[in-house]
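Worksheet: the structure to be examined is printed underneath.
The values are calculated or read from the model by the stated rules, or taken from the named source; none is laboratory data. On a predicted model such as this, the values are computed, not experimentally measured, just so you know. Reconstructed Cβ throughout: ideal geometry from the backbone, glycine too, with neighbour counts over all protein chains shown. What goes into the accessible areas is simple: the full protein's heavy atoms, side chains included, and nothing from ligands, DNA or RNA. Shrake-Rupley method; radii C 1.70, N 1.55, O 1.52, S 1.80 Å.
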Amino acid sequence: MKPFSHGNATSIEEALEALSGMSWPLAGGTDLLALMKEEVAAPERLVNLKTILGLDAIAERQSGNENEWHIGALTTLSALSQTPAFADHLGLRCLVQAAQESASPQLRHMATLGGNLVQRPRCWYFRNRHVPCWRKGGRRCFAFKGENKYHTILGGGPCYAVHPSDPAVALLALNASLLIAGAQGRRVVSLEDFYVMPRPDRQREDGYHPVTILEPNEILTAIVVPEPQANSRSVYVKRTERGAWDFALVSAAASLRLEDDVVKEARIALGGVAAIPWRANAVEEVLIGQPLSPELIEHAAGAAVAEAKPLEHNAYKVDLIKGALRQALQI
Amino acid sequence: MPTIRKTQVEFEGRIEEREVIVEEEHIESWGHDVEMRWVGKPTPRVDGIARVTGKAVYTHDIQLPGMLIGRFLRSPFPHARITRIDSSAAEALPGVSLVWHKGKQPAVRSLDGRAIFVDEVNYEGAEVAFVAARDERVAEDALALIEVDYEPLPFASDFHTATAADAPSVVLGEDNWIDREGDLYERGSVEAGLTDADVVVELEFTTPVAAHCCLETHGSAVAWEGDLVTVWHSTQSIFGTRSSVAEALEIPMDRVRVISDYIGGGFGSKWGAEAFTLMAALAARETGRPVKVVLNREEEHLVAGYRPGTYQRVRLGAKQDGTLTLIEQEADVTTGAFGGGGHVVGGPAKDLYLCPNVRTRVRAARANTDGARAFRAPGYVEGTVALEGAMDALAHKLRMDPLALRLANYAEKSPSRGQSYSYKGLRRAYEMGAERFGWSDRTASAQSDEGPWRRGVGMASQIWGGGGGPPANAIVKLLPDGTAEVAVGVQDIGTGTKTVLTQVAAEELGLPLSAVRCVVGDTLPAPFGPGSGGSVTLASSTPAVRSACREALRQLIELAAIMLGLEEAPAGDFTVEEGEIVYGPDPEKRIPFNQVTAKMGNYMIVAKGARGPNPEDRAVNTFGAHYVQVAVNVETGQVRVERLVAAHDIGRVVNPLTAESQVFGGVVMALGYGTTEERVIDPDTGLQLTPNLEEYKVPVMVDIPEIEVVFVDVPDVEANSVGSKGLGEPPIIPAAAAIANAVFDAVGVRVTDLPITPKRLLAALRQAATESKEGTR
Amino acid sequence: MAISFRGPGPIPIDLNVNGEERTVFIEPRRTLLSVLREELGLTGAKHGCGRGQCGACTVIIDGETAYACLTLAVDCEGRSIRTIESVSHGEQLHPVQEAFIEHDGYQCGFCTPGQVVAAVSLLEHNPSPTEAEVREAMAGNVCRCGAYPNIVTAVLDAARQGTGRDPGVSGATVASGEEG
């Protein structure tokens, strides 16, 4: 790990003032420190956000006629998964499931939800300092024609690494939005707009092509989840190779509102299949307005992969994501 | 009087004829009916407190005043020529003590005949430069300052690339083949086997490259005191390390002391001095300060060995009643740029079954990776996957119970050697395991499918050596207060060696366990003991301990006889009971052990003992059978091992508690091998993509099935005086094969590429579905 | 107010380790694990992977388990750190430690300090876990030797013993953690 200097922020404003291209925010550190140890990232200064009070609170707030949940970005994954208001809430349960199935107990104690959402891809080429891949400023994606069993089947390149977060998939299904603080003020961005497909025109000072729209001098401060309407339910289903402590091969989050078995509302998000948490609009279109029958679920699962273009070693993900989605819709 | 005798010793599938010095009278083996106080009783480890409190000192934990830390710069290419190297900036960095590389060579340039810093690097991770510095940070900063220009060269990462007609040279000027003709074994003839067969099955298998993943990475710490050097080395062989250090440094053996008190896993990968050991020793000598070099996790994956992957073809022929007429097995392995590792893949095929016609061939080629190393039952794990998978396919084709097929081909004598076994309890292991598992009711569990989950059962069996043999020595000291010190030159790599040695000494001496202190893992106080490989440690060293204890008692009895006024009585008239020496003809005449020793002042009785020869004309082997139930999810491709019964014949079980642990460990490792673990090398760059514990997936707590262990536990009284054989390796041998067979039973599709990941299982199901559709058209 | 940055060279850092205040002079890039092992002589926590992928470095920070190899020491100022060295008191072992010995919940022992710390923390939060809860809670600690079945047995037994026989030991460590 390269040397760096370290400062504790006591307020968002203080932190914002200090952030820049080579001055990075540090929260749980479980991703950033690993990247720094691999020498895939080498910030010159770290701005510790954990010393900002109040950024780890979870609160229900009124917004117009609707209620919404504000989850401070420093909320750890374990705190999130132990929040009874979510765990016991059929409509929000998928978020707890996603948090609980992330990483290991120790990492869930350390990792923050904000950090989890902005983590970098877990691709085995990207994380290898000897491989000059596109994502970190090189010319090409080595996975595209290489060892790509863990890579994308939807959305294409130029980077084929999947987004690794479990909670992001759940939050996408829950129609979450993010509060972002920047030098120019605050903004609210839907989670769907927060993630961006790989684009050559977006590049950081160190060559990295970011996965999110978060600028180097901005901080993600909170995650806002609208209170689901009555009769909503949600599920997160994750497939892995190992029984625990493994990134998703694929995952599916479904948030449904049913009336008399007819799907009134549906938001479906898929993980492990694309460079970003993947909103499955086509699946939602199949579901909405229809009675939730085995045939409909089968049809929906098919719609999820209609556009899939597997690479050489990951065609199995097509079967896998269909199965995960079927399971998510059945519960 | 010492004499020289010849004896047969098996080590990891190879039989060696050794000349050994035999120096004491033969000791009768503890028979079946001998009542034991310590041996055979579940015994918590004697060093348990150190292990659970964090006080156990591993090589990683060695910290000495003024100690420097060494690190290597390693090749980022699988094959390249170094055209320029400039370390001036690194040398100028404050805190850097020295830098070595091909342009600035250390005093000793090579190890085991191979130069360390050279122009041509042949694998990712090959040593390019070495730095010793004040601490790890400075050392790593210095590495980053070394400028190296590489000219990348063409490379081959796998067997097919390396052996193709136009293959690039893995090592310039060397043939890519290490063994083109192959290591061949043949009895009878393949043609005869085919002619006699009613049924033939032929299958191809691939097995993955598996990493040892010792949690304590390899490392050494070295300190000089004058011309004496102490080497802390995380090793499975302190004496092997001592001789290799002495040889590399060209110094006398008595100058070298090797300590390996606690070892954080070895599994076959930790033997003698390595490049890091040599650099630590040289840097320590040059700087006058202790030097420690430990590998990081990435280096552990790159340069600390692996079980080679195999491509295998197996052909079995059998009569309608299941009698085998042919076993043919061919395997191709890549063992790294400079070879290495055991790959006796044909071992099980030679010896597991009675079959007149057997042919095995193992070919080996180089590849641009570091060398393979022995990994817990090297060759036998890979070979058993294919052999026992093919036996399962044969049973299926013959519509026979897989267990019945095995029993139909049971070998009462060693098929390859023609010798009788000292003891073979495989039949009993089959029976005990089948009974515990409920094998005869297996269809019931197989029918309990739920939703997408399909249940299935499978079994596989195992042969291995583990008989050990000479040479091995022990020294026993009886101290004035009646306690005893036992020094044995072995090491406890986590198997519980120290505990079983203590049990055996306490048993023989008639002392409580707490009155015996056993020292292992240090060459200075201990006489020679073997390296911990081939499952030989216990079977080699416990008889030596018995023999030393017997000699110590002989001396003690002589003293007791004097004190009892029985100088003239024959030694055989005395026995040791409950800490007392008793005169048999008149049991009233007795004297407590510690009253005799108390007479000695600070003098002590010192006795040595040696391992006797192995029995003449006997094969000494271990056996076992595993029975597995799996649930396979046909939607997710997930294989969940639900239950595994492991039945093993290792002769006498000295410590049932730690023996059961060994079986758990082997099974868990095989579970990873069979379902999740796999080294991946990028074909384009030749770089390893899995050099960490995130991408290389070892099992974790939630993956572990219910594992039940049963031991035949009949003393092998012919094998050695303790009647016990090794258990380190046997339990890893059959489990992956049994799991794969159970998967077949569950879904009717045989996955012959390990590990059986969701990707492979779903692909196999999909292919089977396509084939059956085509078949019905 | 602007943040005052410290480093990249060595800076003084105050740590509370096992109830003791310790000051070390270190670079900000130092992990808690390297400080425990190299500066404070607490070598019970092991360096198995350095990437939060094995669990051998598990410690308890402010009452929750964490990987010391992925934690900056400088981020631990003002927090309470407990290591394996605090689990036993002199010759008095924690029920978890006694159970590991009794049930052979280890082999090479290298992962054991991390396993014991994870188990102690589990029982502090959940004094009578089910087997499934033990497996989930201990899933962040790799044992390459495969002692898992005995570790589960040991933790379950310690839970039984710990609540009935000797609540004092485990209670005392909870208290010191909360006070720190």
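Descriptive notes on the structure:
- Vicinal HN-Hα couplings computed from phi for the stretch B:749-762 (Karplus, 6.51 cos²θ - 1.76 cosθ + 1.60; Hz; Gly/Pro x): 10, 8, 8, 10, 9, 9, x, 7, 8, x, 4, 6, 5, 5
- Under 5 Å between amide hydrogens, built in the peptide plane, is the criterion, and for B:S97 it picks out B:A132, B:A133, B:R134 among residues at least 5 positions away or on other chains.
- Values of log10 I(q)/I(0), in the order q = 0.05, 0.06, 0.07 Å⁻¹, for the protein assembly as shown under a Debye, Cα-only, solvent-free model: -0.36, -0.53, -0.73
- Heavy-atom accessible area, 1.4 Å probe, ligands and nucleic acids excluded: residues of the stretch B:732-777 down by at least 20 Å² from chain alone: B:T757, B:P758, B:K759, B:L762, B:R766
- Per-residue ³J(HN,Hα) for the stretch B:415-427, Karplus 6.51 cos²θ - 1.76 cosθ + 1.60, θ = phi - 60°, Hz, x for Gly and Pro: x, 8, 10, x, 8, 5, 7, 4, 6, 10, x, 5, 4
- Cβ crowding within 10 Å averaged over residues, with C:45-52, C:155-162 ranked highest first: C:45-52, C:155-162
- Annotation for the stretch A:263-312: GluC sites (Glu not before Pro) lying in DSSP loop with at most 12 further Cβ atoms inside 10 Å of their Cβ are A:E307.
- Once Rg and the Kirkwood radius are both taken over the C-alpha atoms of the stretch C:11-86, their ratio Rg/Rh works out to 0.91.
- Equivalent-ellipsoid semi-axes of chain B, from the Cα gyration tensor, Å, largest first: 43, 39, 22
- Modelled this way, with points 7 Å down the Cα-to-C-beta line, the labels at B:I15 and C:N126 are 5.5 nm from one another.
- Computed over chain A, Kirkwood Rh from alpha-carbon pairs, angstrom: 20.1 Å
- In this structure, the pairs whose alpha-carbon distance is over 23 Å, taken from B:K104/C:K46; A:K149/A:K309; B:K292/B:K477; A:K238/A:K309; B:K350/B:K413; B:K270/B:K498, are B:K104/C:K46; B:K292/B:K477.
- Largest to smallest accessible area among B:D112, C:D62 [probe 1.4 Å]: B:D112, C:D62
- Here the accessible area of the protein assembly as shown is 49 percent carbon and sulfur, with a 1.4 angstrom probe and all protein chains present.
- Take each residue in C:3-15, count the other chain C-beta atoms within 10 Å of its C-beta, and the mean is 4.
- Accessible surface area normalised per residue over the stretch C:95-168 is 28 Å², counting heavy atoms of protein chains with a 1.4 Å rolling probe.
- Accessible surface ranking that places the most exposed of C:M1, A:M22, B:M669, B:M604 first, with a 1.4 angstrom probe: C:M1, B:M604, A:M22, B:M669
- Prolate/oblate/rounded call for the stretch B:493-600, Cα gyration tensor, a/c under 1.5 rounded: prolate
- Nearest-20 debye value, the stretch B:469-528 charge dipole, Cβ charges on Lys, Arg, Asp, Glu: 60 debye
- Rolling a 1.4 Å probe across all protein chains gives B:D254 an accessible area of roughly 100 Å².
- Per-residue mean of foreign Cβ neighbours for B:667-676 is 3 (Cβ atoms of other chains, 10 Å radius).
- For the stretch A:166-184 versus the stretch C:70-100, the gap between their alpha-carbon centres in whole angstrom: 36 Å
- In the context of the full set of protein chains, the stretch A:46-128 has a per residue accessible area of 36 Å² (1.4 Å probe).
- Accessible surface buried upon A-B contact (total; probe 1.4 Å; Å², nearest 100): 2800 Å²
- With a simple spin-label model that places each label point 7 Å from the Cα along the Cα-to-Cβ direction, the separation between A:M197 and A:N65 comes to 3.6 nm.
- Between the stretch A:41-82 and the stretch B:144-159, the alpha-carbon center distance in angstrom: 45 Å
- Residues of chain B: accessible area per residue with a 1.4 Å probe, Å²: 34 Å²
- J(HN,Hα) series, the stretch B:185-198, from Karplus relation 6.51 cos²θ - 1.76 cosθ + 1.60, nearest Hz, glycine and proline x: 10, 8, 9, x, 9, 4, 4, 4, x, 6, 4, 7, 7, 8
- Buried area at the B:C interface is about 4100 square angstrom, summed over both chains, from accessible surfaces computed with a 1.4 angstrom probe.
- Amide proton proximity set for A:V263, modelled H, under 5 Å, gap of 5+: A:G289, A:Q290, A:L292
- For B:K104, solvent-accessible area (1.4 Å; no DNA, RNA or ligand), Å²: 80 Å²
- Under 5 Å, built H, 5+ apart or other chain: amide partners of B:V710: B:A646, B:A647, B:H648
- Charge sum, other residues only, whose C-beta stays under 13 Å from B:V128's C-beta, Lys/Arg counted +1 and Asp/Glu -1: -2
- Computed accessible area, B:L478, all protein chains, 1.4 angstrom probe, square angstrom: 0 Å²
- Cut-off 13 Å between beta-carbons: net charge of the residues surrounding B:L511, Lys and Arg +1, Asp and Glu -1: -4
- Top of C:Q53, C:Q115, C:Q92 by mean-square fluctuation, Gaussian network on chain C, Cα under 10 Å: C:Q92
- Cα convex hull of the stretch C:95-168, projected area averaged across orientations, nm²: 4.2 nm²
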